[in-house]
Amino acid sequence: MAKVKGAIVVDTEACKGCEVCIPVCPEDVIGMTSTVNRKGYHYAYMNNPEACTGCTNCAIVCPDRAISVYRVKVTA
Amino acid sequence: MNVLDIIKPENQVFCKSKLMTDNTLSYCPGCGHGTAHNLTMEVIDEMGISEDTIGVAPVGCSVLAYDFMNIDITQAAHGRAPAVATAIARTWPEKYVFTYQGDGDLAAIGTAETIHACNRGENIVIIFVNNGIYGMTGGQMAPTTLEGMKSSTSPYGREIESMGSPLKMTELVANLPGVHYVTRQAVHTHKHARKAKKAIKKAFENTRLKKGLSFIEIVSNCNSGWKMTPLESNIWMEENMFPYFPLGDIKVNGVLK
């Protein structure tokens, strides 16, 4: 059965650490770093990369469009 | 499969629209304005009308919209965006003209311009972002501030007796015959954002078909003005704003729902 695997890339300088992306992720992939970017914001990262399906929920709610989403079909 | 094998240009399914400039948005973290800007630009990009679209920016938090939206855009005096949009739409009837306004701009100082543009049924799109407060100037009470809601000019909460009721601008304009499409949306979750994007697309399609005015209200948060974190403000918005400003279509194809 074809499975879908995804990944996100966060523009760490564009992310303002609002965390709006965290509750909309159905797979609980996103976490916030303890380090900060140049503006002093904690930024989002893939805390659980294995679970990402590339659904784009996080990207569509990101006010700063700091998230790009990639998706591939994997035939297992 | 390794994450680096997935992150390749051919696998990209979502990225920032090329109609948004590289300037960092001036909005506070978690503000719905950013999402609303991006959704509007994504719709214009998908419809392939970026060369034929003219925006009108308001006064308020989104006054700098021309710095972020990479299309032809002008900026009107406070509240006068629908009047300026009227002029542009009448000069170039084949162009797509939209205004992007907040509640302080559209529902307070610009009430007359808004209502008359709606009554005339100009062939424009009005995007109205309602966060119940004057965000840019420091969180003063707006016409849309809810009953009992604290702001810097209503520190004990809005009192209906002396300050009046929150203004339901969207219901007001829906009753005008010139208005073709009226809807109220939100952008704080993926479901709401996708619905809002569809509504914006429908509005621009109405402009193409010369159907008249489309009015889209986006109920948004103002976490700085409400003195909350972005996530808290989104929950507060669902619990308090949505009962008073219910989401959904109010007028479709000129017929009230």
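Read-outs throughout are calculated quantities, based only on the coordinates presented, and are distinct from any laboratory measurement. A quick note: this is a predicted structure, and the numbers were derived from the prediction, not measured. Here Cβ is always computed from backbone atoms with ideal geometry, including for glycine, and neighbour counts include all displayed protein chains.
Here are a few things to note about the model shown:
- Residue within region B:41-56 that is in contact with a helix residue (DSSP H, G or I) (Cβ under 6 Å, 6 or more places away or on another chain) and facing chain A (nearest Cβ under 9 Å) present: no
- Within region A:14-28, the residues that satisfy the criterion of being assigned to a loop (DSSP other than H, G, I, E, B), more than 8 Å from chain B (Cβ to nearest Cβ) and either in contact with a Gly (Cβ under 6 Å, 6 or more places away or on another chain) or under 26 Å from B:HIS33 (Cβ atoms) (or both) are A:CYS15, A:CYS25, A:PRO26.
- Within region B:41-67, the set of residues being outside any helix (DSSP H, G or I) and either surrounded by 19 or more Cβ atoms within 10 Å (Cβ to Cβ) or of a type in the set (A, V, I, L, M, F, W, C) (or both) comprises B:ILE49, B:THR53, B:ILE54, B:GLY55, B:VAL56, B:ALA57, B:PRO58, B:VAL59, B:GLY60.
Yes/no matrix, rows are residues, columns are (1) of a type in the set (A, V, I, L, M, F, W, C); (2) surrounded by 22 or more Cβ atoms within 10 Å (Cβ to Cβ); (3) under 20 Å from the mean Cα position of the chain (by Cα); (4) under 20 Å from B:GLY60 (Cα atoms):
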site	(1), (2), (3), (4)
B:PRO93	no, no, no, no
B:TYR100	no, yes, yes, yes
B:LEU106	yes, yes, yes, yes
B:GLU113	no, yes, yes, yes
B:PRO143	no, no, yes, yes
B:SER154	no, no, no, yes
B:ALA174	yes, no, yes, no
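The rows are residues; the columns are (1) out of contact with any strand residue (DSSP E or B) (no Cβ under 7 Å at 6 or more places or on another chain); (2) crowded, with 18+ Cβ neighbours inside 10 Å; (3) of a type outside the set (A, V, I, L, M); (4) free of Cβ contacts under 8 Å to residues at least 60 places away in the same chain.
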{"position": "B:ALA196", "(1), (2), (3), (4)": "no, yes, no, no"}
{"position": "B:ALA199", "(1), (2), (3), (4)": "no, yes, no, yes"}
{"position": "B:MET228", "(1), (2), (3), (4)": "yes, no, no, yes"}
{"position": "B:SER233", "(1), (2), (3), (4)": "yes, yes, yes, no"}
{"position": "B:ASN240", "(1), (2), (3), (4)": "yes, no, yes, no"}
{"position": "B:GLY254", "(1), (2), (3), (4)": "no, no, yes, no"}
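- Condition met for B:TYR134 (out of contact with any strand residue (DSSP E or B) (no Cβ under 8 Å at 6 or more places or on another chain) and aromatic (Phe, Trp, Tyr)): no
- Failed condition for A:THR56, given (1) more than 16 Å from B:PRO230 (Cα to Cα); (2) over 9 Å from the mean Cα position of the chain (by Cα): (2)
- Summed over region B:16-38, residues that are more than 17 Å from B:THR229 (Cβ to Cβ), more than 7 Å from every other protein chain (Cβ to nearest Cβ) and surrounded by fewer than 24 Cβ atoms within 10 Å (Cβ to Cβ) total 7.
- Flag for B:ALA77 being farther than 30 Å from A:CYS55 by Cα, small (Gly, Ala, Ser) and either more than 9 Å from chain A (Cβ to nearest Cβ) or in a helix (DSSP H, G or I) (or both): yes
- Selection within region A:29-54: residues that are in a loop (DSSP other than H, G, I, E, B) and facing chain B (nearest Cβ under 8 Å). The member of this set that is surrounded by the fewest Cβ atoms within 10 Å (Cβ to Cβ) is A:TYR41.
- Every residue from region B:121-146 that is of a type outside the set (Ser, Thr, Tyr), free of Cβ contacts under 8 Å to residues at least 60 places away in the same chain and out of contact with any Ser or Thr (no Cβ under 7 Å at 6 or more places or on another chain): B:ALA142, B:PRO143
- Of the numbered criteria (1) in contact with a Pro (Cβ under 6 Å, 6 or more places away or on another chain); (2) more than 24 Å from A:GLY54 (Cβ to Cβ); (3) hydrophobic (A, V, I, L, M, F, W, C), the one B:VAL3 fails is (2).
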